[in-house]
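Below is one structure, written out as structure tokens; the observations come after it.
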Amino acid sequence: VTAPARFSGPVTGVVEATPSGDYLQQLFAAGVLIPLGVDGLYARSGGFEAVVDALDRLITRIGRPAWVGADGRSEPEPEVMRLPPAMSRSIFERTGYMSAFPQLAGTVHCFCGDERAHRELLELLESKSDWAAGQTTSELVLIPAACYPIYPIMAERGTLPPGGRVVDIGATCFRHEPSREPTRMQMFRMREYVRMGEVAEVDAFRAGWLERGRSMVTSLRLPFVVEAASDPFFGRTGRLMAAGQIEQALKLELQIPVNSSDAPTACLSFNYHQDKFGATWGLRTSNGAVAHTCCVGFGMERLTLALFRHHGFDTATWPAGVRDILWPEQASP
Ligand code: ATP
Ligand code: ZN
């Protein structure tokens, strides 16, 4: 897997975003996002959702397999799966998420007591004391990244078919990272394409999606850079892991200036997991080797916020070229 140098997109006619600390306030004032009393948790307007829906369909159109390799084989057809916002706790535990990102995880706890425990609960609520101590961990954990639940499903099916697999996933994800930056939500929607197969297949997939991502964002007339990045691993050992990740260019991000031009926001991520998930779940290729995997992830809210930031809150006044890409059914012939 080759590490691309810092790359600026071939963007013409686009105004750079100016730093704006109060983009969140502007979104509230325009009614695009509606506060729900917690930083990073918002209701979305109809206008916002219309853009999310259009992006969702655009990503599906772009995701249709188009490549035929030198050996004449084409990419597998993506298998569509949409997930509920939670996953199994035992599967979550095996992903290693809790050791790598304990600060971000959200686990579901429930009351499982009897009548006496209920009376105690009522007293604690009454006296505004800590009632949560009596909560029990349930078998559910909120999904932190859309692709996590997919690997055991695929491993359960047995060896990968020749050519591997592609899965098209969508999920609402949770990360405990409260922020006043509207692009850093606690619950947000992620689309992903996950590729499972041999190293060369996974490598070609990621390189191909990097191109597709660049041309998608260019067609939406958004400025961007592609950078090697790292995940927010916890603690001191985490910092070492993050450094290794950058060095090997395992995670690339397509970043768009949304909150500020100085610190552009990761809107697409291209992650190469090597054989990590293949080894964890015993997923093998048709040659018997441990499968390699990669995923491309799209932050649906982040892309939408980037479009509003650069083209304004009124989609009717967006450049015709951008509208035609998002709503081709309305495009003038
Ligand atoms: P960041 O570095 O900004 O924390 P990330 O690189 O950790 O983001 P990924 O784990 O790669 O993000 O998640 C895939 C995609 O999900 C990102 O490219 C981004 O578009 C979106 N995303 C991640 N975190 C958030 C969030 N807190 N709010 C909204 N979208 C998010
Ligand atoms: Zn993923």
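Do the conditions hold for Ile62, that is, is it within 18 Å of the chain's Cα centre (by Cα), open to solvent by less than 70 Å² (accessible area, probe 1.4 Å) and either at negative phi or at pLDDT below 95 (or both)? Against the criterion (within 18 Å of the chain's Cα centre (by Cα), open to solvent by less than 70 Å² (accessible area, probe 1.4 Å) and either at negative phi or at pLDDT below 95 (or both)), Ile62 qualifies. When Leu140 is tested against (1) open to solvent by less than 50 Å² (accessible area, probe 1.4 Å); (2) out of contact with any Asp or Glu (no Cβ under 8 Å at 6 or more places or on another chain); (3) over 27 Å from Thr60 (Cα atoms), only condition (1) is not met. For segment 218-239, the condition holds for at least one residue, the condition being that it is away from ligand 1 (no atom under 16 Å from the Cβ), more than 19 Å from Lys276 (Cα to Cα) and of a type in the set (S, T, N, Q). Is it true that Thr159 is closer than 21 Å to Trp281 by Cα, more than 16 Å from ligand 2 (Cβ to nearest atom), surrounded by fewer than 16 Cβ atoms within 10 Å (Cβ to Cβ) and of a type in the set (Val, Ile, Thr)? Yes, satisfied. Looking only at segment 240-253, decide whether some residue is in contact with a Lys or Arg (Cβ under 7 Å, 6 or more places away or on another chain), away from ligand 1 (no atom under 12 Å from the Cβ) and over 23 Å from Phe188 (Cβ atoms). Within segment 240-253 (the criterion being in contact with a Lys or Arg (Cβ under 7 Å, 6 or more places away or on another chain), away from ligand 1 (no atom under 12 Å from the Cβ) and over 23 Å from Phe188 (Cβ atoms)), the answer is no, since none of the residues qualifies. Tallying residues that are closer than 21 Å to Arg212 by Cα, of a type in the set (A, V, I, L, M) and open to solvent by 30 Å² or more (accessible area, probe 1.4 Å) within segment 295-319 yields 0.
Filtered by the rule that a residue be aromatic (Phe, Trp, Tyr), away from ligand 2 (no atom under 16 Å from the Cβ) and over 22 Å from Phe298 (Cβ atoms), segment 221-258 gives a lone residue, Phe234.
Cβ separations smaller than 6 Å between residues 6+ apart or across chains give the following pairs from segment 72-99 residues that are farther than 20 Å from Glu139 by Cβ to residues that are in a strand (DSSP E or B) and of a type in the set (D, E, K, R): Pro76/Arg165; Pro78/Asp168; Val80/Asp168. The residue that is nearest to ligand 2 (Cβ to nearest atom), among those in segment 259-269 that are within 17 Å of the chain's Cα centre (by Cα) and over 18 Å from Ser219 (Cβ atoms), is Ser269.
Residues of segment 106-149 that are part of a loop (DSSP other than H, G, I, E, B) and among the small types (Gly, Ala, Ser): Gly106, Gly113, Ser127, Ser129, Ala145, Ala146. Here Glu177 fulfils each of the conditions (1) away from ligand 1 (no atom under 16 Å from the Cβ); (2) within 17 Å of Pro232 (Cβ to Cβ); (3) among the charged types (D, E, K, R) apart from (1).
The values are calculated or read from the model by the stated rules, or taken from the named source; none is laboratory data. Since the model is a prediction, treat every value here as computed from it, not as a measurement. Don't worry about glycine lacking a Cβ; one is built from the backbone with ideal geometry, like all the others, and counts go over all protein chains shown. Just so you know, the surface numbers come from the protein's heavy atoms only, side chains and all, with ligands and any DNA or RNA stripped out. Shrake-Rupley method; radii C 1.70, N 1.55, O 1.52, S 1.80 Å.
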